[in-house]
Amino acid sequence: MCSHYRPVTDVQRYRSFFGAVLPNGTRPDLWPGYVGSFIRRPRESDAGDEAVAQHEALPGVFGLIPHWAKDTKISRQTYNARSETVAEKPSFRDAWRRAQHCIIPADWIYEPDWRSGKAVPTRIQRADGHPMGIAGLWASCKLGDEWVHSFTMLTVNADDHELMRNFHKPHDEKRMVVILGEGSYDAWLDSLPGPASSDFMRQYPAGNLIASPEK
């Protein structure tokens, strides 16, 4: 699971890898409940207007806030969505059913390495230096007089992953976020609900990631 990550905050890097404009207000270090950014298809992208950008970046709360929530506190429990149960959980099922797919740009994520007997914060990033495009779901709800966007990262089991099985407490299930390859960004944003979306729920190759203990 991932509760802490470093978002992409360099404007040129954001545009180069994700084809979108970095929104204002993104924090450089994100935890559940903080405002980060996510990328989705613009609502007008189906109109056939070539002037409409294909990727729209929006600020949103890290931790999905369903339409029935009364405040943002739920984001502290909804920052990750298990791919095995996302279609059933009340917090996520509407966004999954509507295929409200998004990409979450991250330079790296943090996970605790417990192999020494204590938690060692560890940075995990792509070995090629490219940012991660993490598969997620987005939502929008009205809290009081304000519309609030939010997002969650999708995860898969990683018990047999050569790298990610080293993180979290020894007896806990190992999980990892769904990291997309650049070539599948548009396919993820356009995929239909159900099996088509589930096809993206797979592990990212261990050889394409590096882990570095934080100093």
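Annotations
- Members of the range 177-193 found to be of a type outside the set (S, T, N, Q) and touching a residue at least 60 places away in the same chain (Cβ under 8 Å), listed by number: Val177, Val178, Leu180, Glu182, Tyr185, Asp186, Trp188, Leu189, Asp190, Leu192, Pro193
- Long-range neighbours under 6 Å by Cβ, at least six apart or interchain, first residue without any contact (Cβ under 8 Å) to a residue 12 or more places away in the chain within the range 194-215, second outside any helix (DSSP H, G or I): none
- Residues that are touching a residue at least 24 places away in the same chain (Cβ under 8 Å), hydrophobic (A, V, I, L, M, F, W, C) and not in a loop (DSSP other than H, G, I, E, B), drawn from the range 50-83: Ala57, Leu58, Val61, Phe62, Ala81
- Some residue of the range 63-82 being modelled with pLDDT of 95 or more, within 27 Å of Phe167 (Cα to Cα) and over 16 Å from the mean Cα position of the chain (by Cα): yes
- For the range 8-60, the candidate set comprises residues that are of a type in the set (Asp, Glu) and at pLDDT 95 or above; within that set, the residue that is surrounded by the most Cβ atoms within 10 Å (Cβ to Cβ) is Glu56.
- Members of the range 108-140 that are in a strand (DSSP E or B), charged (D, E, K, R) and touching a helix residue (DSSP H, G or I) at 6+ places or on another chain (Cβ under 8 Å): Glu111, Asp113, Arg126
- Filter pass, Asn157 being under 25 Å from Ile65 (Cα atoms), touching a residue at least 12 places away in the same chain (Cβ under 8 Å) and either out of contact with any Pro (no Cβ under 9 Å at 6 or more places or on another chain) or surrounded by 15 or more Cβ atoms within 10 Å (Cβ to Cβ) (or both): yes
- Selection status of Met164, crowded, with 17+ Cβ neighbours inside 10 Å, of a type in the set (A, V, I, L, M, F, W, C), more than 19 Å from Arg40 (Cβ to Cβ) and in contact with a Cys (Cβ under 9 Å, 6 or more places away or on another chain): no
- Where Gly144 falls short, out of the listed (1) buried (at least 21 other Cβ atoms within 10 Å of the Cβ); (2) small (Gly, Ala, Ser); (3) farther than 21 Å from Pro90 by Cβ: (1)
- Selected residue [part of a strand (DSSP E or B) and within 26 Å of Pro213 (Cβ to Cβ)] from Pro105, Pro32: Pro105
- Residues of the range 126-176 that turn out to be over 14 Å from the mean Cα position of the chain (by Cα) and under 18 Å from Glu111 (Cβ atoms), as a count: 20
- Taken as a whole, the structure leaves Phe17 outside the set of residues that are aromatic (Phe, Trp, Tyr), in contact with a Cys (Cβ under 6 Å, 6 or more places away or on another chain) and outside any loop (DSSP other than H, G, I, E, B).
- Matching residues, the range 84-100, being aliphatic (A, V, I, L, M) and either at pLDDT below 95 or outside any loop (DSSP other than H, G, I, E, B) (or both): Ala95
The values are calculated or read from the model by the stated rules, or taken from the named source; none is laboratory data. Everything quoted here is computed from the prediction, not taken from an experiment. Cβ sites come from the backbone with ideal geometry, for glycine too, and all protein chains shown count toward neighbours.
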